[in-house]
Amino acid sequence: MIREMEPKFTEKGAYILDAPVSGGKTGAESGNLAVMVGGDKAIFDQIKPILDSFGDKVFYAGGIGNGSVCKLVHNMIGHSVRQAIAEGLTLGVKAGVDAESLWECMRRGSLGRMRILHEGLVRTMFKGTYEPASFALDLAYKDISLACELAEEYNVPMPMTVLARQITLQAVNRGWGSKDSSIPVVLQEEQAGVEVRAPQIDPAQSGKFITTNPNA
């Protein structure tokens with residue numbers, strides 16, 4: 001809708017930007033908000049000080065509507081990850097591990113260190129390169145299969161995990177077992193008819209906006 005509205009503003013000599021935020025109520029109260037802005041770059045530069053007054057991470061996403069797309073993608077991924085976390089935690093607790101131990105495991109491991117986002121994507125998908133493998137697809141399929149077997153043993157429904165296992169199996173059947181475990185993203189790219197590339201991002205700098213302290 002915002003892309004349909006923009007011409008109506010510009011023909012009258014006015015400008016419009018879309019600038020959704022991420023950070024929730026707590027972020028709004030503290031000023032710790034990500035502001036995702038789409039629209040005319042010159043206008044963005046002009047009003048950025050205003051955006052900086054309520055957001056600590058303001059970034060330009062491109063043309064009009066891009067900010068809203070970024071927000072939708074951000075939230076969609078977050079909600080999907082929440083389901084995967086719910087499946088894992090319920091499996092772990094039902095298998096006899098207390099919730100705090102599971103939480104510590106997640107935050108102290110590669111998941112909590114955000115390595116998938118800050119290292120994995122940048123090194124593989126964004127460059128279209130899946131060799132050498134940081135963690136082989138065959139090993140990933142073994143792990144997710146064992147988790148599914150454990151879930152069956154304890155009668156824990158894990159619909160998202162089962163789907164992930166099937167997608168991983170498709171990639172294994174392509175002969176990609178020795179390649180990096182992130183390579184199933186290629187299947188999604190093929191189905192979507194698009195390649196996701198950003199080779200200009202330096203893996204050494206990709207985590208500069210995030211501070212994590214897994215030892216706290």
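Derivation of every value follows stated rules applied to the coordinates shown; laboratory data play no part. Note that this is a predicted model, so its numbers are computed, not measured. Here the Cβ is made from the backbone with ideal geometry for all residues, glycine too, and neighbour counts use every protein chain on show.
Please say if the stretch 62-134 is rounded, prolate or oblate, where rounded means a/c under 1.5 for a ≥ b ≥ c the square roots of the C-alpha gyration tensor eigenvalues, and otherwise the choice is prolate for a/b larger than b/c and oblate otherwise?
It comes out oblate by the Cα gyration axes.
Using 0.36 nm times the number of residues separating LEU169 and ASP138, minus their current alpha carbon distance, what extension gain do you get?
Going from the current span to full extension adds 10.3 nm.
As I understand it, the value is the acute angle between the Cα axis of helix 159-173 and the longest principal axis of the Cα atoms of the chain; what does it come to in degrees, rounded to 10?
In the chain, helix 159-173 runs at an angle near 80 degrees to the longest axis.
Points 7 angstrom from Cα along the Cβ direction at TRP103 and GLU195: gap in nanometres?
4.4
Going by Cα centres, the stretch 1-75 and the stretch 131-186 are how many Å apart?
Taking the Cα centre of the stretch 131-186 as reference, the centre of the stretch 1-75 is 37 Å away.
So if I take the alpha carbon set of the stretch 109-192, get Rg, then get Rh from the Kirkwood formula, what is the Rg over Rh ratio?
My calculation puts Rg/Rh at 0.99.
Over the Cα atoms, compute the radius of gyration (one decimal) and Dmax (the largest Cα-Cα distance, rounded to a whole number) for the chain, in Å.
20.7, 65
Around LYS41, with a cut-off of 15 angstrom between Cβ atoms, what is the net charge of the other residues, counting Lys and Arg +1 and Asp and Glu -1?
Residues near LYS41 contribute -3 overall.
Roughly how big is the chain's charge dipole about its Cα centre, with Cβ charges of +1 (Lys, Arg) and -1 (Asp, Glu), in debye to the nearest 20?
300
Going toward the positive end of the dipole of the chain, with +1 on Lys and Arg Cβ and -1 on Asp and Glu Cβ, which of LEU111, VAL196, ALA95 do you reach last?
VAL196
Cα to Cα, under 23 Å, and not fewer than 8 places away if on the same chain: which lysines meet these conditions relative to LYS94?
Correct list for LYS94: LYS142.
Under 26 Å Cα-Cα from LYS57, which lysines qualify once same-chain neighbours fewer than 8 residues away are excluded?
LYS25, LYS41, LYS48, LYS71, LYS127, LYS208
Dipole of the stretch 2-68, Cα-centred, from +1 at each Lys and Arg C-beta and -1 at each Asp and Glu C-beta, to the nearest 20 debye?
Once rounded to the nearest 20, the dipole reads 40 debye.
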